[in-house]
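The values are calculated or read from the model by the stated rules, or taken from the named source; none is laboratory data. Computed from a prediction, not measured in an experiment: that's the story for all the values here. Cβ placement follows ideal geometry from the backbone for every residue including glycine, while neighbour counts extend to all protein chains displayed. Side chains included, ligands, DNA and RNA excluded: accessible areas come from the protein's heavy atoms. Shrake-Rupley method; radii C 1.70, N 1.55, O 1.52, S 1.80 Å.
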Amino acid sequence: MTAEIRFFWSRLNANYWFYPALFSILAAILAFAMVTIDRLGFAEFLNDISWIIPARPDGASTMLSVMAGSMIGVASTVFSITIAAVAYASGNYGPRLLTNFMEDRGNQLSLATFIGSFVYALIVLRAVRGEDETAASIETAGATALPGFTPQLSLLVAYVLMALCVAVLVFFLNHIPSSIRINKVLKGIGERLLETIKDTYPVEDEFTDPVEPKGGEPLEAWKTGYVQMIDFSDLAAIGKDSGCTFSLRVRTGDFVHPKMVLVEVDGCDPDKVEDRVRESFTLGATRTPEQDPQFLIDELVEIGLRALSPGINDPFTAITALHWLGAATAEIGRRDLLKHICGDDEDGCPVIPLPDDFAHYVKRGFGAIRSGVATSPLAAEVMLDTLAHAAVPIGDEGRQALLKQEAERLAAQARLALAGPDLERFETHVTEFNKTFW
């Protein structure tokens, strides 16, 4: 259940509607609070400030009406521009990047500010009473010395919100074209990938041998979908309570369906813990970056392969993707890929995760993009250098050998794709590469 709650919260504040809905509620609360303060007469001191000219009901109604109308119009425009940017990015960089743009805080908060201001203006407008209208209560009648009722403090706050909306609009108009620049997109994916790697594998410069699974009775998936999150701490608690040992057969990001084995249970009856164990797994229709660095690696590879396709032929975008892929590979290569679920009590830990392999990440990253890179002499040279640079901070010779093997495979594939001067130049680079870095 904890995994479900955590995942629900992470997905909730990533939805495009979450912040607009939240800001609308907060704006409504603020509007009612400001109007109440005005009704009770606590804002009467504003009438004594010479540089604040008290508004009259007609002027207040006009101003709030204009504000509400303009804010909902701007909000519609902001939404339309966002959808156009998302469609452009999705078509050019890949459909998996749709989530990245929908989760963009700049877009969400901009729309939320305009929607919230619209709600505030609309609620305050309802409280304005014309000069010929009768007060609804004695408190309202005594709230101002002027005929009718004009919530002066509420109106002042509306002016502040209007100024804030102008600033947010300027920010948004700068943010949208900036956010769809390919270098900015790759930077966002790369930084998020590095952060995910650090969170998933916090132990640096240690290389622990994976624990062998103990096997046991299989516990199967109950529905079809991707493993979006695994609550390892809950599984450990269940194992300690029941005396079970859980050997996981899937990783976060794997696709499962009924009859596929999720966990092998040893030491107890699987039927007794089945419901609790299943609550520790979150399954859904799409992959997410939570606990799954491979998802972000796939995004970098997808952008690089699209850039190197014959229809686009943009090796420089692919080179940028290779640079971030190299940084991520170096970060993975110097970390302990064994998940330390039980902290200091690893020897008696009842959860044995499916071990993550450095070779798997190299294959998923450089191995997946290699076929496209081999057709571009410039990208092929950069990939050789990137592999060498990624090996520098890695202290394990076995992992360095995997990167060298990937460079050899690239050279073999490039020899089939390149010809003439391009091949000669690449061979020269391979020779220098072997002398300098290996």
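Points worth noting:
- Segments 417-430, 308-321 sorted - mean Cβ within 10 Å per residue, highest first: 308-321, 417-430
- Partners for Lys214 among lysines (Cα-Cα distance below 18 Å; same-chain residues under 8 apart left out): Lys240, Lys339
- For a straight C-alpha distance cut-off of 29 angstrom, the lysines reachable from Lys435 (same-chain residues fewer than eight places away being disregarded) are Lys363, Lys404.
- Translational diffusion coefficient of region 360-438 (Stokes-Einstein, Kirkwood radius from Cα pairs, 10 °C, 1.306 mPa s): 127 µm²/s.
- Packing rank of 210-216, 59-65, where each peptide gets the mean count of other beta carbons within 10 Å, highest leading: 59-65, 210-216
- Surface accessible to a 1.4 Å probe, His340 within the full protein complex, Å²: 70
- Net lengthening on full extension, Asn183/Met260 (0.36 nm per residue, minus Cα-Cα): 23.7 nm
- In plain terms, the chain from Glu204 to Ala285 could stretch by 25.8 nm, reckoned as 0.36 nm per residue minus the Cα-Cα distance.
- Net length gained if the chain between Lys435 and Gln413 were fully extended (0.36 nm per residue, minus Cα distance): 5.9 nm
- Computed from the C-beta positions of Val392 and Thr36 and an R0 of 51 Å, the FRET efficiency is 0.20 to the nearest 0.05.
- Sorted from longest to shortest, the spans of the Cα atoms of region 155-196 along the three principal axes equal 46, 22, 7 Å.
- Of all lysines in the structure, those lying under 19 Å Cα to Cα from Lys259, and not within fewer than 8 positions of it along the same chain, are Lys223, Lys272.
- Among the cysteines of the chain, Cys165 have no other cysteine beta carbon within less than 4.7 Å of their own.
- Lys/Arg +1, Asp/Glu -1 at C-beta; the chain dipole; positive extreme among Phe79, Val362, Gly69: Gly69
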